Amino acid sequence: MKTKLLLKVAITLLVLACTQGYATAWSQEKITISLEKASIKTVLKTIQEKSRCRLIYNDDLLPDQTSVSLHVENATVPQLLATALQGTDLGYTMLNNNAIVIRTNTVNADKITGTVKNEKGDPLIGVSVKVKGTTIGTVTNESGHFELPATPGAVLIFSYVGYEQQEVSGNHNGPLTITLKESASGLNEVVVVGYGTQKKTSSTAAVAAVQGKELAKSPVANISNSLAGNISGVSMRPNGGQPGKDNPDIHIRGIATTGNNSPLIVVDGIIRNNINEVAPTSIASVTVLKDAAAVAPYGLGGANGVILITTKRGQTGVPTLSLNSYYGWQTPTYYPKMLNAQDYMRLRNEAYLNENPNGTQQPFAQDLINNYADLHAKDPDKYPISNTKDLVHMQAPVQNYNLQLSGGSKVMRYFASMGYLQQNGMFDPVKYKRYDYNVNMEINATATTNVTLSLIGAVQNTNSVDAATTPGQLFRSAYKLIPITNLYYSNGLWGEFAGNSPVGILNAGYSHRDANSLLTTIAVEQQLPFIKGLSIKGTFSYDPNEFTIKGWHTPFYFYAQNTATTPYTYTKQISTSEGNAAAYTWLNQEYAKNQYFTYQGYLNYHNTFGKHDFSGLLVAEARRNDSTGFSARRNNFAINTDELSMGSSNKNDFDNNGSSVSGSQLGFVYRVGYIYDHKYLFEASGRYDGHYFFAPGKRWGYFPAFSAGWIISEENFLRDRSSILNYLKLRGSWGKSGNLAGAAFQYLNGYNLYGNAYAFGNGTMVQGSRITTEANPNITWEISTKTDVGLDASFWKGRLTLELDYFHEKRTGMLLPPAVTVPVEYGLGLSDENQGIMENRGIEISAGTQHRFANGLQLNLNGNFSYAKNKMIQVFETAATFNNPNRKRTGRPMGTQFGYHSLGLFSTSDDKNNDGIIDSQDGYNVTQFGVLHPGDIRYADISGPDGKPDGKIDAYDEVVTGNPVYPFITYGFTAGASWKGFDLSLFFQGAALAGLNIRGFQTVPFNNNNSNSSYEYLNDHWTPTTQDARYPRANQSPYANNTQNSDFWMMKTGYLRLKTAVLGYTLPARIANAAKMQSVRCYVSGQNLLTFSKLKFMDPEVGYTDLETAYPNQKVFVFGLNITF
């Protein structure tokens, strides 16, 4: 409470901690002024500039026409004011500090008094109080109290920066108590920063925050899937929608390194990497730190940005019990539409004839194709029609329940929650369950001592398919299976394609992962009364987590059908054709325990002296971790019992493993802030960090940052002069931060052991050891040098807010493998070196507005836009690419895609002699890849060894074919409305300037062993009658010329997606209260509901690697209920 009060005092510029003696001294200060025919305002401004006093007045009180000539030497401030105000109805009041309030001298027996507070009950100092329609006014004092002459019935106008203006009638008996509400501009918002909090108005860093209630609108297991688009500068790429394994890749301000580019995760002030274990309903806010001023306190961990998660805390008041729940279902955003039996056979025949124009041995007779449906009806086992989509649950249920209890007094506040989440998968074995809890208490042990205790825990169960495969591999098997093979026989057994069966996988083993985690924090803060504003704090955190994995594999069986017998006979066989799954049964079990210890000591200071506001922070932080794990495996089980003791007794079937790891980090953090006259902001921060990764003598690094801000709207030339612009701040920062590069102990030689290396004595084989990679004793961390310039503004009393940022980052010291080859005699690989350099720059824009109409309808719109593009300044590459401007990697964004430039597809007009082949006889003298035909891809001959076209398509012809798979642009906007209990929220999120190679199962026919294809290809591929088609002619297997990396296969993956939509209704309070409840709200919500993209057959947010065979991203529909008792 005291901290909040001090922050409010800082904003108003009125609490000046001085003694009466100091007040006497400044009031007797003598100054000289010479002004001729100046306005009263000019006189007051001049007095303030030449003295140490602070004049408080309302512009509306000052007479517009009065001019004053003042020529005085060595006069005190009271003498000057008496002379200047002579002949007006103005007077002045000297407060018990160096502030003077200019007031009216209106004499009236009636007066109105009162106190102005904020919504938390803190008094507001410096609030302007004016009698509507007059020039009578005053401001509140240090206690928030005001007194002004007014007749009964007068309407008072209360206005204060960052708060909504309020009009109140003076028809009240006794003093008024006025509570001002914070305005939509959020100027009074307190944001969480590194190791503390700051008021948004006094922050000089690039910081963005979102309330937990906004993120909780998305029906997701964890907030990582809903950050992008809600916060400027944050981009996200899903890695599929598998329950329990759907954590996306998160980037802040793009990608700025070739190494680890994940942001640092901090939960309740402690560095933790468990964003997926904190329930969205338990989160109060999420803050993203982006520039050097914000991330410098995190030293070696801050270069990629920091995500600060603050969980909910108890509030003073009666106990409040709330239930939040939803139930719904998930369905894929996209699912490939594979060919049916007849279309598959037709395409196979077409591919055969393309390769054998005069061939007579087509794979399928035309009569068979035409009559296949009838034949299937008569004998489905001999003439099967299969669709692997039948194995998939297209509507998988999801449910979530959370119960929260909150309350407390001024002495103790508490919060407790418990939740349950269950997600079913698209296959029966795939499921995820999470039980979570959050308990915290805050106790004012004494008037100056505060104690907090927090426990956050989660128990997770993740189940998946057989341990020898993955759901992604299973999807791949399903897409491959041709529709004229037996998925199931009529007797319930299952068939195969190319020796593989997705049904066999689903009837095999399992993979179970059970994990539990606990985040514990205890902190004690003590105010030191002998120095105003000084406090110390100690924090201890112990975070244990452990998990077990049990993987059970049984052979993947299928049944081979013999149609030569009557009835048909079936032989059980084992599939080993894909995934390298063993033909025997095995069981693997793992156990791991990790412990993380954090010790923090704080020294915090904040105080004001006149126009000067000082703050300081010192933190010593020590972190330690240790991990232990072991695993055991047994092969060749004779019986189908999944226990290690039931496996083979042959020692050759035994395997076990174990490891232990420990690490430590020590850092010293500082932050010093200075604000002058609440207009000029300065801050210096940094960290001196040491880490066990590096060699002695190279373990410590210093990461400083400096920032400054100018609140232009507080200047006299702008203050209160515009009804449009209410707040304007310019800020800038520069600094350094670090990023751990590579793995620990790369400065040492590492030895690998291997068996059966040598035979000694009687021939017994013993282990050997070898060094695989040379050591690098000079290895160190990456260094990020960041620069940021920003502008914050508020217009029309907070109805429109705007934030602009330009940022630049230079990352040095990135680890790169040398691009040289050493003779095999050298004996070991070369070590990585800190030689990589990358630049990253961009802009961010955030804006928001809201309006309430007279009929109660409230509308709001908030949006953000981010552009971040990197460039490789120094990267090891071969001379072949470096010296070729078309192929050069240096100077281009990381991940830029290269290949050949396509000139489209050859047409029949290119075959001049109509022999079905395009070559020199047709005037085409460029050698590509194999024999060319109409319908094949034509490539541009761009260059050769001498830099000129050479009639051959090879590496010299490579060019940039597309942007990286990650987007340069991300954006999002949320539109909301509420009226008479109804609320609507629409959150759109998008990305642009990204590219994807779409060559795969859906676009290349028979991509693997005559595997199935999709209607995406069938409906848009080249034939003599469809020569303007998107895809090349059909071949019986992937054709070398048509499967080269080229821009032919590149597609822009920009998109706009309705990420979340919520429609809710809150029952009228009288109905809820009649049922002994405070509030009842029901709602419907959805995620990933609509997508607008040029990429129509695949999710534009598909994972980076698995692409179309990844577990599909999910579209979610839920019905929810929120009840507060």
Tally, over the range 226-239, of residues that are farther than 20 Å from Ser846 by Cα and surrounded by 24 or more Cβ atoms within 10 Å (Cβ to Cβ): 1
Among residues of the range 515-535, those that are under 26 Å from the mean Cα position of the chain (by Cα) and of a type outside the set (Ser, Thr, Tyr), counted: 4
Subset of the range 652-667 (residues that are modelled with pLDDT of 90 or more and assigned to a helix (DSSP H, G or I)): Asp653
Residue match in the range 644-656 (condition: surrounded by fewer than 16 Cβ atoms within 10 Å (Cβ to Cβ) and either under 29 Å from the mean Cα position of the chain (by Cα) or among the basic types (Lys, Arg) (or both)): yes
Within the range 699-762, strands (runs of 3 or more DSSP E) holding 3 or more residues that are more than 38 Å from the chain's Cα centre (by Cα) and surrounded by fewer than 17 Cβ atoms within 10 Å (Cβ to Cβ): 751-760
Pair list, Cβ < 7 Å and 6+ apart or interchain, from the range 1017-1029 residues that are buried (at least 16 other Cβ atoms within 10 Å of the Cβ) and at pLDDT 95 or above to residues that are aromatic (Phe, Trp, Tyr) and not in a helix (DSSP H, G or I): Tyr1017/Tyr1031; His1021/Tyr1031; Trp1022/Tyr1031; Ala1029/Trp1022
Test: Tyr670 is surrounded by fewer than 20 Cβ atoms within 10 Å (Cβ to Cβ), more than 30 Å from Ala775 (Cβ to Cβ) and at pLDDT 95 or above: yes
Residue satisfying all of: in the range 1030-1049; in a loop (DSSP other than H, G, I, E, B) and among the small types (Gly, Ala, Ser); surrounded by the fewest Cβ atoms within 10 Å (Cβ to Cβ) among these: Ser1037
Within the range 521-599, strands (runs of 3 or more DSSP E) holding 3 or more residues that are in contact with a helix residue (DSSP H, G or I) (Cβ under 9 Å, 6 or more places away or on another chain): 556-562
Which numbered condition Leu905 misses (of (1) within 35 Å of the chain's Cα centre (by Cα); (2) crowded, with 16+ Cβ neighbours inside 10 Å): (1)
Criterion violated by Pro949 - all others in (1) part of a loop (DSSP other than H, G, I, E, B); (2) of a type outside the set (A, V, I, L, M, F, W, C); (3) assigned by TED's automatic domain parsing to the domain that holds Ala1034 satisfied: (3)
Residues of the range 824-836 that turn out to be at pLDDT 80 or above and in a loop (DSSP other than H, G, I, E, B), as a count: 4
Wholly enclosed strands (runs of 3 or more DSSP E) of the range 171-279 bearing at least 3 residues closer than 30 Å to Arg624 by Cβ and modelled with pLDDT of 80 or more: 190-193, 196-199, 249-252, 264-267
Out of Ala994, Ala955, sole residue that is surrounded by fewer than 18 Cβ atoms within 10 Å (Cβ to Cβ) and touching a residue at least 24 places away in the same chain (Cβ under 8 Å): Ala955
Of the criteria (1) closer than 24 Å to Pro949 by Cβ; (2) surrounded by 18 or more Cβ atoms within 10 Å (Cβ to Cβ), which one Asn925 fails: (2)
Qualifying residue in the range 872-888 (condition: of a type outside the set (Lys, Arg), farther than 30 Å from Ile937 by Cβ, part of a strand (DSSP E or B) and not assigned by TED's automatic domain parsing to the domain that holds Ser1046): yes
Qualifying residue in the range 533-541 (condition: over 16 Å from Pro429 (Cβ atoms), surrounded by fewer than 16 Cβ atoms within 10 Å (Cβ to Cβ), out of contact with any Leu (no Cβ under 7 Å at 6 or more places or on another chain) and touching a residue at least 24 places away in the same chain (Cβ under 8 Å)): yes
Residue identified as in contact with a Phe, Trp or Tyr (Cβ under 7 Å, 6 or more places away or on another chain) and more than 30 Å from Glu350 (Cα to Cα) among Gly944, Gly891, Gly951: Gly944
Spans of helices (runs of 4 or more DSSP H) in the range 288-370 with at least 2 residues out of contact with any Gly (no Cβ under 9 Å at 6 or more places or on another chain) and acidic (Asp, Glu): 341-355
Residues (buried (at least 16 other Cβ atoms within 10 Å of the Cβ), more than 24 Å from Ser325 (Cβ to Cβ) and among the hydrophobic types (A, V, I, L, M, F, W, C)) located in the range 381-426: Ile385, Leu391, Val392
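Quick grid of which residues meet (1) in contact with a helix residue (DSSP H, G or I) (Cβ under 9 Å, 6 or more places away or on another chain); (2) more than 25 Å from Asn1113 (Cα to Cα):
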| site | (1), (2) |
| --- | --- |
| Met236 | yes, no |
| Asn247 | yes, no |
| Gly259 | no, yes |
| Ile265 | yes, no |
| Gly269 | no, yes |
| Asn274 | no, no |
| Glu277 | no, no |
| Ser282 | yes, no |
| Ala294 | no, yes |
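Residue by residue, here is whether (1) crowded, with 16+ Cβ neighbours inside 10 Å; (2) under 27 Å from Asn545 (Cβ atoms); (3) touching a Pro at 6+ places or on another chain (Cβ under 7 Å); (4) modelled with pLDDT of 95 or more holds:
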{"position": "Leu587", "(1), (2), (3), (4)": "yes, yes, no, yes"}
{"position": "Glu590", "(1), (2), (3), (4)": "yes, yes, no, yes"}
{"position": "Gln595", "(1), (2), (3), (4)": "no, yes, yes, yes"}
{"position": "Gly601", "(1), (2), (3), (4)": "no, yes, no, yes"}
{"position": "Asp613", "(1), (2), (3), (4)": "yes, no, no, no"}
{"position": "Ala620", "(1), (2), (3), (4)": "no, yes, no, yes"}
{"position": "Arg623", "(1), (2), (3), (4)": "yes, yes, no, yes"}
Residue match in the range 794-810 (condition: in contact with a Phe, Trp or Tyr (Cβ under 7 Å, 6 or more places away or on another chain) and either closer than 20 Å to Gly738 by Cα or part of a strand (DSSP E or B) (or both)): yes
Subset of the range 142-164 (residues that are at pLDDT 75 or above and under 30 Å from Thr801 (Cβ atoms)): Gly144, Phe146, Val155, Leu156, Ile157, Phe158, Ser159
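The values are calculated or read from the model by the stated rules, or taken from the named source; none is laboratory data. As the structure is a computational prediction, the values presented were derived from the model and not from experiment. Don't worry about glycine lacking a Cβ; one is built from the backbone with ideal geometry, like all the others, and counts go over all protein chains shown.
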